[in-house]
Each structure stands twice: as C-alpha cells, then as structure tokens.
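Only one structure is covered here, and it is reproduced in the block below.
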Amino acid sequence: MRPIDVKKLKYKDKLASKRRRSFHIKAVLIGVAVVVVIVGIGYVLFYASWLKVTNITFEGLTGGHQNDVQKVVDGALGRKILGIPIGRDIFFVRSGPLETDLISQFSFIESVSVQKKYFHTLKISATERQAEGVWCFVPRPLGEARSEGAATQSSPDCRYFDHGGVTFGQAIQSSGVLLLNVNDLRVASASTSLTTVDPRFLEAIQTVVPVLTGQDVKIKNITIPVGTYTEFDILTGDAYLIKFSLDSDIKNQLDIFRIFRTQKMANGVFHPQYVDLRFDGRIYYK
C-alpha cells in the first residue's frame, strides 16, 4: 500500500471548495448583471422617453380625415402585451399592419405609408381618393320584399366615387353642377356591394361624358332606370334626355348624336324632349 498524505488531501479539498465558492459568486454576479441589463433594456425600450413616439405628422390628409386617422394611430400606439406598453416604442411600431388597418377602415384613403423618423416621430403620408362624381344607390331593406316600382320611393344612399369606381364617404344628391351625379334606380339586393359602382355603366359613362362636354352639352345628371341591365339616360342642361344602351357601341351612338345635333342646330334652335340612341345605326327623337 502507498502512503497517503492527509495534509495534501485537506489542501485539495480547501482549494476545490474555494473554486466552487468563487464559481458560485461569479455565477451570481453574472446573473445579477444579466438581470440588470435586461431590466435596463426593458426600461429604455418601454418606459424611458428616449424611444417614445411623441410626435405624429400628417401629409396629404384634410383636417377632418386627419382627426379620424389620428384616433386609429393613437389606438395602435396604445397597444400593450401582458400589460407592457410596447405600442408607443418606435422600434415596435408595425408600419405594414398599421397601413393595412388604415386602408381597411377608411375608404377615402387610396394609399398610405407610415414612416418612422427616429427617434420620436411617425410620419403618415396618404393620398386621398378624388371624387369623380356622386353615385346614388337604392338599397333593398333586409327582410322586406319590394316591387321594382317601389324602388324610387326609398331614400337613396349616395356616395362619392373615384375614377376607378371605388365609393367612399356619404354624399348628398346633387344637380351635377359641381360633380357628376348618377342615380342608380335599380333595387340593390342584399348581396350587392356598395363599395364599388357597376363597372359596365361606369366605363360607358366615362366614355360619354367627356365627348358630350366637348360638344358643349351640359350634363345635369345621369339615371340608370329601374329594372334595366344595359340602359342609362342623360339629362342635359337644356332639359332633354339622351338615351344610351350598353348593347350598342357607345362610340357609334355618340357619333350619330353629334351628326344629328349638328344638322338640327344648323336649322335653328333644337329643343327635343328626348333623343334615343339605343338602336344600332338609328336615332329616334321627339
């Protein structure tokens, strides 16, 4: 048997104990340091004013619309997770979802961007839809059967529409002096969306209006009659109707009207009750 030095064993035990104690102290210090760093970062991110959004600027929005958008943005900035106010920290402002939310909530916004201007500013830049006219719908009341003849008795739901046919905002029925006015007297079904206008009629109207305007024909309003799928009437400033049909080529109808009007006006003042262009190559008037 080999002799054992008891003193050396005790020394090794003490050395190992010191090392363990030193390791534990270092681990505790590192843990405390990590906690301090995490708490510090959390404080800087969520509670300190260094990264807090304190200013919101707007571009391209009118006063009333700006106030509406401000409320939604303030709501997004007030967002909390587990009670922690992360929404107002500029690092955690989610530009993409906020842009999507604004477009979905406000039909008057055509496009919008949310830019972060570090460290305290959000810039909201928007393009508002430009009204091309007012489109008045006749909605069908839910659960109520109505005849087509009764449609004209309903209060119209009038909305602005842009060049693409997207409706936005509530409008009053106008005489067409400032904005083109379209009275769609067809009864809308419960499934009919009022967020866009009928694209077939819109395209035809957008073809007709500039041509007539170029011929010095003033347009008072446009009516899509009850029960029709293809016809619309234009009431002129001289109080006569021009009847058009989608079943016939619109440009040909306009050419026929131009020739007819030129010939009639050459013979004196022209005051018909209506001019009917709905039939290919023919014109009827009274």
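Against the test of being of a type outside the set (D, E, K, R), crowded, with 17+ Cβ neighbours inside 10 Å and in contact (Cβ under 8 Å) with a residue 40 or more places away in the chain, the options ALA188, ALA204 yield a single qualifying residue, ALA204. Annotation note: Cβ proximity below 6 Å between a residue of the range 239-261 that is more than 14 Å from ILE205 (Cα to Cα) and a residue that is acidic (Asp, Glu) and at pLDDT 95 or above (sequence gap 6+ or interchain) occurs for LEU241/ASP233. Among the residues making up the range 251-277, those that are surrounded by fewer than 17 Cβ atoms within 10 Å (Cβ to Cβ) and touching a strand residue (DSSP E or B) at 6+ places or on another chain (Cβ under 9 Å) are PHE260, LYS264, GLN273, TYR274. If the condition is being touching a helix residue (DSSP H, G or I) at 6+ places or on another chain (Cβ under 7 Å), acidic (Asp, Glu) and part of a strand (DSSP E or B), then the range 81-114 contributes only ASP89.
Being over 21 Å from LYS220 (Cβ atoms) and hydroxyl-bearing (Ser, Thr, Tyr) is the filter here, so list the residues in the range 239-276 that pass it. Passing the criteria: SER248, THR262.
Residues that are assigned to a helix (DSSP H, G or I) and more than 16 Å from ASN183 (Cβ to Cβ) do occur in the range 214-230, at least one of them.
For the range 262-281, the count of residues that are of a type outside the set (Phe, Trp, Tyr) and under 33 Å from the mean Cα position of the chain (by Cα) is zero. Among the residues of the range 197-229, those that are in contact with a helix residue (DSSP H, G or I) (Cβ under 8 Å, 6 or more places away or on another chain) and not aliphatic (A, V, I, L, M) comprise THR207, GLN215, GLY227.
The values are calculated or read from the model by the stated rules, or taken from the named source; none is laboratory data. Computed from a predicted structure; not experimentally measured. A quick note on method: Cβ atoms are made from the backbone with ideal geometry, for glycine too, and the neighbour counts reach across all protein chains shown.
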